[in-house]
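Here's the structure we're looking at; comments come further down.
Each value in this text was obtained by applying a stated rule to the coordinates, not by laboratory testing. Everything numeric in this text was worked out from a predicted model, so none of it was measured. Note that we place each Cβ from the backbone using ideal geometry, even for glycine, and neighbour counts take in every protein chain shown.
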Ligand SMILES: O=P(O)(O)OC[C@H]1O[C@](O)(CO)[C@@H](O)[C@@H]1O
């Protein structure tokens, strides 16, 4: 099986050999810190061994639950926010049909899948309910803490809908709860109501949880192969833990982005040339942004879908404030392609491309853009993804997880906490009038 690779050769003019030598030592120290489990946030390192040490009984139960949902539901609603939905969505959009929910059932073969609880929009929820219509559906509510407001609100709505449609007992058989093994409101509810439950391990944070039931149940419902996903992750883990620096893609990526950061490249844009990678970028943004953006430090993570955004953000990337580095997600072999035909009269002037494939055009756009951006002083790094399949994606997930652990330690932050996320919650609760927030409420209202 082909491997994910990281290539920074096109950015070599921005990185001197001695800088790499020096950062190599720092990255290897960070690796020791991570693997010795003595660094900051060391109670959240369960993701390191997850691809080889996971609960096999639960894994089998995930497959059974997915089979049940496939057999009794036309629609699955996945309720969660941040790490409790982005990994599943990234995988489903990367691995399955570009128009998964709208392509015919004969092609899709599995339930339509929609996401809720990732915003607080009444319009979104109301219209999602219209999409479900009278059809049979199930719900997978995912919240590690079991107390996050956005998914909790959405779950209330769908729980009531299920109970009205099927009665309380049957509704309970259509609700799958993925949460902490013993704590939180959702766990209590699941126990009380008898929902089938799956566990988010204590030592695996939300943004590192895609290879637990958090990601695996929705991914399995979509028809993707979760065994192959885990196998890919196992291979990337093997490399990350065992390989020396020169052959260790995750270590090199962590090192290079930190060299560039220290030279004023404060923003990293992740660029894809295939729309099915859009949510991989969204997943990556949380993984890196929430892990590194703290203590008034960190690389800001952004993403662009290309060539689409070359016609909106392209001007800035080429020519605006020079604070950018760019990492390209290069899907080496897309699963489908179209060959361009010759036309008798070359009115659109495209006959020079006849016999060429869309991917040929796309790859040339990518290479041309990479050189142009490099000339414009945006260092371009590349992550090569062999294929649009589970094996490659499993590798990619682990590659980025390991890289961010190393990168966070290089930066000198705890990559495994997210204290900053609490501030908006506190204000929201106060403004909503949640009991216990009365004093804060008065203060905030004066400021509005
Ligand atoms: O799974 P939970 O506990 O609902 O959390 C969802 C998301 O919210 C955060 O805790 C931030 O508030 C993320 O770290 C997490 O992925």
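For the range 196-204, indicate whether the set of residues that are touching a helix residue (DSSP H, G or I) at 6+ places or on another chain (Cβ under 9 Å) and away from the ligand (no atom under 16 Å from the Cβ) is non-empty. Yes - at least one qualifying residue is present in the range 196-204.
Any chance the range 59-73 includes a residue that's within 16 Å of the ligand (Cβ to nearest atom), crowded, with 19+ Cβ neighbours inside 10 Å and over 16 Å from residue 226 (Cβ atoms)? The answer is no; no qualifying residue exists. Criterion applied to 101, 134 was being surrounded by fewer than 18 Cβ atoms within 10 Å (Cβ to Cβ) and touching a strand residue (DSSP E or B) at 6+ places or on another chain (Cβ under 8 Å), and the one residue passing it is 101. Can you work out which of the residues in the range 205-229 that are more than 16 Å from the ligand (Cβ to nearest atom) and part of a helix (DSSP H, G or I) is farthest from residue 50 (Cα to Cα)? Among those residues, the one meeting the criterion is 221.
Taking the range 344-369 as the range and being assigned to a loop (DSSP other than H, G, I, E, B) and surrounded by 12 or more Cβ atoms within 10 Å (Cβ to Cβ) as the test, the residues that pass are 350, 354, 356. The lone criterion from (1) within 16 Å of residue 227 (Cβ to Cβ); (2) surrounded by 13 or more Cβ atoms within 10 Å (Cβ to Cβ) left unmet by residue 89 is number (1). Does residue 402 meet the test of being assigned to a loop (DSSP other than H, G, I, E, B), crowded, with 23+ Cβ neighbours inside 10 Å and either away from the ligand (no atom under 16 Å from the Cβ) or at negative phi (or both)? The answer is no for residue 402. Restricting the first member to the range 141-168 and to residues that are more than 22 Å from residue 201 (Cβ to Cβ), and the second to residues that are more than 10 Å from the ligand (Cβ to nearest atom) and assigned to a loop (DSSP other than H, G, I, E, B), the beta-carbon pairs closer than 7 Å and six or more apart or on different chains are 150/119; 150/120; 153/120; 162/174; 166/174.
Hey, does the range 374-393 have a residue that's over 19 Å from the mean Cα position of the chain (by Cα) and part of a helix (DSSP H, G or I)?
yes
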